[in-house]
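Novice: Below is one structure. I have some questions about it.
Nothing in this text is a laboratory measurement; each read-out follows from the coordinates by a stated rule. Given the structure is predicted, the values throughout are model-derived calculations rather than measurements. Neighbour counts are summed over all protein chains in view; Cβ atoms, including those assigned to glycine, are modelled from backbone coordinates with ideal geometry.
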């Protein structure tokens, strides 16, 4: 199964020109939000998706957003980068998540909620954590697409799905994936990002997002933040009370704006 997954990842098409250009602008300190808006406007589907999201209660903006310039200014480069990568995922994969008891709508909801939680929590953070965590939060689940596709094609989806009922959290799911497949969905996501030559910090943060204690000090904070996001919103449910208490404590203990996390949970939870 590992060989099949590796081959499928190697056969993925490269990122399209629009996404690559957005990545270049977002990684260039001399680029401006105006430069970014010009590129976004050239992609009608991405434009529509960004404007739809900007007007969703999940992102907490109080006024209707009708222009790309306004949306880009409100979201900022880091978030727009995540939107572009999310759009690239939709264009690169046939999404069948039946092995995880998920349909495409639920997958989109989880990804959007994870991203909106990260934005509401970290968007005003003074450090560089947000530059990694906000775009990565939109993409935490994409490894599951590859895994589910392989399980369906090899007639193992039902067997895998039957084992999910005994699981309660993302750590147990990751261990189950490794036992069944030889790798976790987080590892698969990291492989996809590596194939697309995305930033090493993002690749490593997702790789260690289930077990951030194993991450090196330079990426541990990012991995912990992603761990918090994925523990609060995942295929097992949203905002488990016991988990919320633990995640807020983890945030406070690691300099990750615990009070802001509480506020972010309130914003996202009311529209869950």
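Novice: Roughly how many whole Å is it from the C-alpha centroid of region 182-216 to that of region 121-180?
Specialist: Going from one Cα centre to the other spans 11 Å.
Novice: Could you compute the FRET efficiency for residue 245 and residue 55, with r as their C-beta to C-beta distance and R0 at 22 Å, rounded to 0.05?
Specialist: Here the calculated transfer efficiency is 0.10.
Novice: Packing-wise, with mean Cβ within 10 Å as the measure, how do 245-252, 213-220 rank, highest first?
Specialist: 245-252, 213-220
Novice: When the Cα atoms of region 10-155 are enclosed in a convex hull and the volume is divided per residue, what value in Å³ results?
Specialist: Convex hull of Cα atoms, per residue: 114 Å³.
Novice: Using every Cα-Cα pair within region 131-272, state what percent have a distance larger than 18 Å.
Specialist: Taking all Cα-Cα pairs of region 131-272, the fraction more than 18 Å apart is 57 percent.
Novice: Which length gain, in nm to one decimal place, applies between residue 10 and residue 176 when the Cα-Cα distance is subtracted from 0.36 nm times their residue separation?
Specialist: The span from residue 10 to residue 176 would gain 57.3 nm if fully extended.
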